[in-house]
Amino acid sequence: MLLYALLLYLAIGTIITVLTMRKILTDEDYYIGGRKVGGVISALTYAATTYSAFMMVGLVGLTYISGVGALGFELFYLVGTLMLLSYYAPKLWKIGKEKNFITPGDVFSSRYGKNVAKILTPFIALALIPYTSLQFVGISLLLSKEISFEFGVAFSALFTAFWAFLGGLRSVAWTDAIFGIFMLSMAILAVFYASSLLPPSPDFSKLGELLYVPNSFWRYDVFISYTLPWFFFALTNPQVFQRIFIPKDEASLKRMVVIFGFFGLLYTILVTFLGLQLRLLTEYDLFPKISDRDLVTPKFLEIIPSWLSIAIAVSIFAAAITTANSIVLTLSSMFTRDLFNNRSVMAGRIFVVLITLAIAIFAIQRPAYIVDLAIMSSTILLCQLPLIFGVFHWKSGGQIAAISTLVAGFLTAILLYYTKKTLGIPIAVWVLLMSFAVFFLVAFLEKRFIKES
Amino acid sequence: MRWIEALIVIFAMSVPFSVMKDQNLTTYLYWTVVSASYLIFIALRRW
C-alpha cells in the first residue's frame, strides 16, 4: 500500500515538474531558476530543503527522550537563521545579482581566488554526500517491509535525481513547495491524532525533568554541541546559501525569509509537541516505552489508522527527497562551475546523475563512517565561517589564509571526532576557534611577508 | 547595533537554563513566544 502511495507521489511530483518547466538556456536558469523565483515559492523551497526527515523521525524521538530542550535547540537554530538572513541575505543577493554569482564558491572566488572554491568543493561533498546517503538509508528502512533495502536505495535515488535532472531548480522549488505544505499538514494531523489518544486535560507534570533545562540529557555542553553548528547553518550549508540568490527581487527575498520563519516555527512546535505527547502517552501507559529514539515515530505509525500512517510516511519520504535533491543540485553546481569551470547545463545534468549515484553507492554499502560523517556534516561546514565573515567585515585574508582555514577546520573536526580528545569542550567550538585562529594568523603573515615581498 | 540585537536574542533564548524549573509547559511556551516575537520583529523591521 505504501509503495502505491509513493508511486502516486512520484506521479504528482513529475506532473508538477512538467507543468513548471521553462526553457533552460544557461546554468543560471538551471541552478537558481534564472533569479526569477517568487517570494512564497522561495520560502517553501528554503523550508523543505532545510527540514529533512530528521524532523518527523529524529526530532520527535529526541523530544520523546530528552524533553523541551529539543525545542530550545531547534528554535535556537531558527532565530540564528533569521538573524543571519536578515543581515547577510540582502547583501549576498545584491552582490550575487551584480556579479552573477551562482554558488557559494563564486562568492569565495571573487574575494580569495578561484583555488579556494576548488578546495572547498570536495570538502563540502565529503560532508554532504554521507549526510544525504543517510536520508536514502532512512527511506529504505521505512520501506523495508515492502521492498528490499537495495531497491529502496535505488528508488530513493530515482526520486532524487529525476526532477532535478529534468527541470533544475525551478522544478525542485515547485515540488519542494507543494510537498512542504504536505509535510506541514501531516504534522498537524499527527498532533491532532495524538491529542485524541490522550485523556482530556492531560497532566503534563508527569513528564518531570523533561519539562525544563538543564536536565540529565540537556547539560550545557550537550546543548552547545547540538546548537552551535546549526546556528550558522544558513551561511555554512551551500544548499540553503544558494537559495539566497533565487528570489526575483528584494521584496521577494524578504518574503522568503519571513514566510520560511513562520513555516519553521510552526513545524518545529508541531514536531516537538508530538514528541512530548507521545512521551505523555507512555506515562499514561497508552504507548510503549521506547529507548531507541529513532524508533519512536515508526512505533507511532504502527498504532495509528493505516491511511494516516501511510500519509505521514509519505510526508517523511517527501521531507527526505526535498532535502536530498536540493543538495544534489547544489553539489552539481559546485562541481561543474567551481571545480571544473564548466558552465554547460548538460554538464550540470551529468553531475546530478553522478552525485546521486555516489550517494546511492554510499547508502548501499552502509559503512559506519557514513553515520559519523553525516553527524559531523554541520560541524565540518563551520570551517567556512571565517571566510564568509571575511567577505563582508575584514580586509585582510587572501588565498593562503582561506585555504589554510578550510584545511585546519576540516582536519580539526575529523581528528577530534575520532580521537575524542576534546577536553570536555564541544567539537564545534574547537572547529570555530581553530578556523578563526588560523584565518587571522595566516592573514597577518600574508600581509606581513607576501605583500611586502 | 546588530551585535546588541544578537546578544539580546541569545540572552532571551538562554533564560530557561537559569530561571525556569517548573514542571509544566512554561519553558515550552516561553521559547515559542520569544521566537515568535523575534520573527514578528524581523517581519516588521526595515531591512
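The values are calculated or read from the model by the stated rules, or taken from the named source; none is laboratory data. Remember, predicted model here, so these are calculated numbers, not experimental data. Cβ placement follows ideal geometry from the backbone for every residue including glycine, while neighbour counts extend to all protein chains displayed. Areas reflect the complete protein model, heavy atoms only, side chains present, ligands, DNA and RNA absent. Shrake-Rupley method; radii C 1.70, N 1.55, O 1.52, S 1.80 Å.
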Long-range amide H contacts for A:V37: which residues qualify at under 5 Å (H placed 1.01 Å from N, peptide plane, sequence gap of 5 or more or a different chain)? A:K248
Rounded to the nearest Å, the spacing of the alpha-carbon centers of region A:68-95 and region A:390-416 is 22 Å
Measure of exposure for A:K289: accessible area at 1.4 Å probe, Å² rounded to 10, is 150 Å²
Which FRET efficiency, nearest 0.05, do A:L3 and A:V191 yield, Cβ-Cβ r, R0 35 Å? 0.85
Contour minus Cα-Cα distance for A:I303 and A:K248 (0.36 nm per residue): 15.3 nm
Probe 1.4 Å, protein heavy atoms only - accessible area per residue of chain B in square angstrom: 62 Å²
Calculated FRET efficiency, A:L357 and A:L295, Cβ-Cβ r, R0 41 Å, to nearest 0.05? 0.85
State, to one decimal in nm, how far the label point of A:F217 lies from the label point of B:Q23, with both points 7 Å from Cα in the Cβ direction. 1.8 nm
Two-site label geometry, A:F151 and A:R22: point separation in nm, points 7 Å out along Cα→Cβ: 4.0 nm
With a 1.4 Å probe on protein heavy atoms only, work out how much accessible surface B and A bury together, total over both chains, in Å² to the nearest 100. 2900 Å²
May I ask for the Rg/Rh ratio of chain A, computed from Cα atoms with Rh as the Kirkwood radius, given to two decimals? 0.97
Label-point gap, in nm, between A:K447 and A:H393 - each point 7 angstrom along Cα→Cβ: 1.5 nm
Normalised by the number of residues in chain A, what is the relative contact order in percent for Cα pairs under 8 Å and 6+ residues apart? 32 percent
